[in-house]
Amino acid sequence: MTKVAEGVFELLTPFPEFTLEQSRKMRVELEKNPRVTKGLPYVLPYMIKSGGDTVLIDCGWNTDAAYSALAEGMKAHDAAPEDVSRLLITHVHPDHYGMAGRLKQLSSCDVIIHEADAEVIKDRYLAPKGLTEGMSKFMEINGVPPMDAPGMSRGSMGMLDKVAAVPADEEVKGGETIRVGDFELDVIWTPGHSPGHICFYEPNRKILFSGDHILPTITPNVSINTQTHGSPLGDYIRSLAIVDALDVDYCYPAHEFGIPELKKRIKEIHTHHEERLEEMLRCVDRGGSNAWEVAGRVKWATGMLTDFEPWMQRAAVGETLAHLEFLFEEGKLSRVMRDRHQYWLPV
Ligand SMILES: [Zn+2]
Ligand SMILES: [Zn+2]
């Protein structure tokens, strides 16, 4: 709703559990008094209007409430969803990408997504059956008790009705420049939170749209799951360095509120992961532990694993694995298969 720089407008769309009224109030409160909330209340899409062109960065869940919020926010700045020429997606999580199909139908906008996240769309949204089966096996290998495995796999299916998935019209790799009027948006590939996460950097205005890569008080979930490859935490930490090297006066994230001191925030995130890595290493038994056991010993910001709902347990196991994999790559852990379960051992 707010104009944050000439031609740049911060919009707000609520998460399904919140009304627009509630999420607007949270937007104001959180900036005054930052704190961890139970569930994210809103997404901040950004509208760029320049030279007669109207572009959106991210949108929101595909709910009527989120759509009305978006339309209302645009209207306050003499624009409408029908005007959108391009929809730039930082990553294909449902809160950022969910409404893409609805917007495309209204405006025939081009949807622009990084090629690695464009790949995720099919498995995650268009043909998700195989994913559920793969997930159960994945959970079993990592020591998740069998009783919990189906519940955990189902968690992600509940949100499919709130996503209008469309394939990308244009896939980017990073390194391109997207022109919107006199804005030049450099596409910066920042994998980690999602394999195809991208940020948009405007070098003339020294502003960065950081998506979920960098948020002012919370850290994005960096997980290993059936759709990731390699070391997402390694990717994430390398992506922090890429953004740290940019000359940024102000950073516009997709949740919470704006970040005036980006370098300071990046340093804090580094410290958080260093501490978490040390903690994870302490949680691995000398004789070996699986990811479920390690996740059960970690002190999470939101409590202990046993108190979590199944989907949160799944996220915690995925996040634990990302840290264990990173420690493995650093040579601090080894891993071994025992009776179809993966165990990690201190080196
Ligand atoms: Zn995300
Ligand atoms: Zn998000």
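Would you check which residues across the stretch 209-228 are more than 13 Å from ligand 1 (Cβ to nearest atom), in a loop (DSSP other than H, G, I, E, B) and within 27 Å of Ile48 (Cβ to Cβ) and list them?
Pro216, Thr217
Being of a type in the set (Ser, Thr, Tyr) and closer than 30 Å to Met26 by Cα is the filter here, so list the residues in the stretch 256-298 that pass it.
Correct list: Thr271 only.
Being touching a helix residue (DSSP H, G or I) at 6+ places or on another chain (Cβ under 7 Å), surrounded by 14 or more Cβ atoms within 10 Å (Cβ to Cβ) and not in a helix (DSSP H, G or I) is the requirement here; does Gln342 meet it?
Yes, satisfied.
So if I check each of Thr37, Thr13, which one is within 15 Å of ligand 2 (Cβ to nearest atom) and in contact with a strand residue (DSSP E or B) (Cβ under 9 Å, 6 or more places away or on another chain)?
The unique qualifying residue is Thr13.
Any idea which residue in the stretch 225-248 is surrounded by the most Cβ atoms within 10 Å (Cβ to Cβ), counting only those that are within 15 Å of the chain's Cα centre (by Cα) and modelled with pLDDT of 95 or more?
Filtering the stretch 225-248 for residues that are within 15 Å of the chain's Cα centre (by Cα) and modelled with pLDDT of 95 or more, the one surrounded by the most Cβ atoms within 10 Å (Cβ to Cβ) comes out as Pro232.
Which numbered condition trips up Val55, out of (1) more than 21 Å from Cys199 (Cβ to Cβ); (2) more than 16 Å from ligand 1 (Cβ to nearest atom); (3) modelled with pLDDT of 95 or more; (4) buried (at least 17 other Cβ atoms within 10 Å of the Cβ)?
In the conditions (1) more than 21 Å from Cys199 (Cβ to Cβ); (2) more than 16 Å from ligand 1 (Cβ to nearest atom); (3) modelled with pLDDT of 95 or more; (4) buried (at least 17 other Cβ atoms within 10 Å of the Cβ), Val55 misses (1) alone.
Could you please give the count of residues in the stretch 105-122 that are buried (at least 18 other Cβ atoms within 10 Å of the Cβ) and under 23 Å from the mean Cα position of the chain (by Cα)?
10
Identify all residues within the stretch 105-140 that are more than 25 Å from Leu208 (Cβ to Cβ) and either touching a strand residue (DSSP E or B) at 6+ places or on another chain (Cβ under 6 Å) or within 15 Å of ligand 2 (Cβ to nearest atom) (or both); write none if there are none.
Answer for the stretch 105-140, where residues must be more than 25 Å from Leu208 (Cβ to Cβ) and either touching a strand residue (DSSP E or B) at 6+ places or on another chain (Cβ under 6 Å) or within 15 Å of ligand 2 (Cβ to nearest atom) (or both): just Arg124.
Can you pull out every residue in the stretch 237-261 that is under 24 Å from His323 (Cβ atoms) and either within 16 Å of ligand 2 (Cβ to nearest atom) or not acidic (Asp, Glu) (or both)?
Ile237, Arg238, Ser239, Leu240, Ala241, Ile242, Val243, Pro253, Ala254, His255, Glu256
Which numbered condition in (1) within 16 Å of ligand 2 (Cβ to nearest atom); (2) aliphatic (A, V, I, L, M); (3) crowded, with 21+ Cβ neighbours inside 10 Å is the only one that Met47 fails?
Result: Met47 passes all but (1).
What pairs can you find where one residue is in the stretch 195-207 and closer than 11 Å to Gly174 by Cα and in a loop (DSSP other than H, G, I, E, B), the other is away from ligand 2 (no atom under 15 Å from the Cβ) and of a type in the set (Gly, Ala, Ser), and their Cβ atoms are less than 7 Å apart, with a gap of 6+ or different chains?
Gly196/Ala116; Gly196/Ala118
I need the full set of residues from the stretch 11-58 which are of a type outside the set (Lys, Arg), touching a His at 6+ places or on another chain (Cβ under 8 Å) and assigned to a strand (DSSP E or B), in order please.
Of everything in the stretch 11-58, those that are of a type outside the set (Lys, Arg), touching a His at 6+ places or on another chain (Cβ under 8 Å) and assigned to a strand (DSSP E or B) turn out to be Tyr42, Val43, Met47.
The values are calculated or read from the model by the stated rules, or taken from the named source; none is laboratory data. Remember, predicted model here, so these are calculated numbers, not experimental data. With ideal geometry, Cβ positions are generated from the backbone for all residues, glycine too; neighbour counts draw on all protein chains shown.
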